[in-house]
Amino acid sequence: MNWALSPVGLKLMRTSQAAAFKVEGLSDPRIKGIQVECIGPSGVGKTTIVQLFRQRASYGWYFDYPSKTSLRTNISLENGCGDLYKSLLLKKMELIFAQDYSAEHSLALIGFYNTRLQQDLKLQRSGYMSDGGTWWDDGIFRVFCDELYEQLQKDSDLFNLFQNRVVINCMAPSEIIADRLAQRSRKSSGAKNDWYAVCGPDGIHERIEVGLERAQRFLGLWHRLGGESYSIDLSQAGAAVRELLNIEGRIVSARTSRRKANSPHF
């Protein structure tokens, strides 16, 4: 595969034709247009709790990113997000190139960030927003937490691009997160998210605290801008799932009330 930085951002060109983008099995008008995103440090349990929650969710959320998408997208032409998304990607690239990563690891990271942006854009334009909503454990708010915080601080009008999104801040004590990261490391040593191996037992707590602080800082700004947000403790899976079910009801209730308030009265 070849990488090229063009005026519209970084594109990943594959030699074979990418599969056409398609969302299947998504239709629940009760939650149309709602995009729920979890934020929080790696290892807090976002993926695990969302997988447990999806088995009991009351509404037909779309939980998965598409497994195959075309990445041949001109970011500058997508739904007014172009300049912002290009900026997010370029900031990540600058950060990666400033690190002492191998070329292979750098390209893998850039590919991941690029894919997240492309998938987000494609889901926005696919038409699914008129049929249902999404609930993600690893969306752009988590992946680009620092970069979005910086951009929204500079230009609060960018918030208008994300008014349909709900942020859930996932938390747990540092000791619990460190233990989960250690378990992950033992199960999948060498994986790209094996932060326990990267930081070691002495440095992992610092990384966790930084992650928790980043999420809390973003949540504070999101709240000040008028965004809908919730916080949840993932220390105990059973209690966390029950709380997510409660939050789900509150999200839908709030949107239903808002739509009724905005409906014309005759």
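The values are calculated or read from the model by the stated rules, or taken from the named source; none is laboratory data. Predicted model only: the values in this text are computed from it and were never measured. Because the Cβ atoms are built from the backbone with ideal geometry, glycine has one as well, and the counts that use them run over all protein chains shown.
Rundown of residues vs (1) of a type in the set (Lys, Arg); (2) in contact (Cβ under 8 Å) with a residue 12 or more places away in the chain; (3) in contact with an Asp or Glu (Cβ under 8 Å, 6 or more places away or on another chain), yes/no style:
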site	(1), (2), (3)
LEU161	no, yes, no
ALA178	no, yes, no
ARG207	yes, yes, no
GLY226	no, yes, no
SER231	no, yes, no
VAL241	no, yes, no
ASN246	no, no, no
LYS260	yes, no, no
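For the stretch 160-176, what are the residues that are out of contact with any Leu (no Cβ under 9 Å at 6 or more places or on another chain), farther than 19 Å from THR48 by Cα and part of a helix (DSSP H, G or I)? Result: ASN160, single match.
For LYS68, the conditions (1) charged (D, E, K, R); (2) loosely packed, with under 13 Cβ neighbours inside 10 Å; (3) modelled with pLDDT of 80 or more are fulfilled apart from (3). Pairing each residue of the stretch 24-37 that is within 21 Å of GLU228 (Cα to Cα) with any residue that is at pLDDT 80 or above and among the small types (Gly, Ala, Ser), provided the two are 6+ apart or on different chains, yields C-beta distances under 6 Å for ASP28/GLY60; ILE31/GLY133; ILE34/GLY133; GLU37/GLY139. All conditions but one from (1) touching a strand residue (DSSP E or B) at 6+ places or on another chain (Cβ under 8 Å); (2) of a type in the set (Asp, Glu); (3) surrounded by fewer than 17 Cβ atoms within 10 Å (Cβ to Cβ) apply to GLU228; the one that does not is (3).
Could you check the stretch 177-192 and list, in sequence order, the residues that are out of contact with any Leu (no Cβ under 9 Å at 6 or more places or on another chain) and either of a type outside the set (D, E, K, R) or not in a helix (DSSP H, G or I) (or both)? The answer is ALA178, LEU181, ALA182, GLN183, SER185, SER188, SER189, GLY190, ALA191. Restricting attention to the stretch 82-118, the residues being among the small types (Gly, Ala, Ser), without any contact (Cβ under 8 Å) to a residue 24 or more places away in the chain and in contact with a Phe, Trp or Tyr (Cβ under 9 Å, 6 or more places away or on another chain) number 1.
Yes/no per residue for (1) closer than 24 Å to THR48 by Cβ; (2) more than 17 Å from the chain's Cα centre (by Cα):
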residue	(1), (2)
ARG207	yes, yes
ALA215	yes, no
LEU221	no, no
VAL241	yes, yes
ALA254	no, yes
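Checked against the criterion of being touching a Ser or Thr at 6+ places or on another chain (Cβ under 7 Å), modelled with pLDDT under 85 and crowded, with 16+ Cβ neighbours inside 10 Å, the stretch 80-91 contains one or more residues that satisfy it. Taken over the stretch 237-266, the criterion of being modelled with pLDDT under 95, more than 20 Å from GLY60 (Cβ to Cβ) and surrounded by 12 or more Cβ atoms within 10 Å (Cβ to Cβ) is satisfied by ALA237 alone.
Considering the stretch 92-135, and only residues there that are under 29 Å from VAL252 (Cβ atoms) and part of a loop (DSSP other than H, G, I, E, B), the residue that is modelled with the highest pLDDT turns out to be GLY133. The set of residues in the stretch 48-65 that are of a type in the set (D, E, K, R) and either modelled with pLDDT under 85 or assigned to a loop (DSSP other than H, G, I, E, B) (or both) comprises ARG56, ASP64. Check whether at least one residue in the stretch 187-200 is modelled with pLDDT under 95, surrounded by 15 or more Cβ atoms within 10 Å (Cβ to Cβ) and in contact with an Asp or Glu (Cβ under 9 Å, 6 or more places away or on another chain), and report yes or no. Yes: one or more hits.
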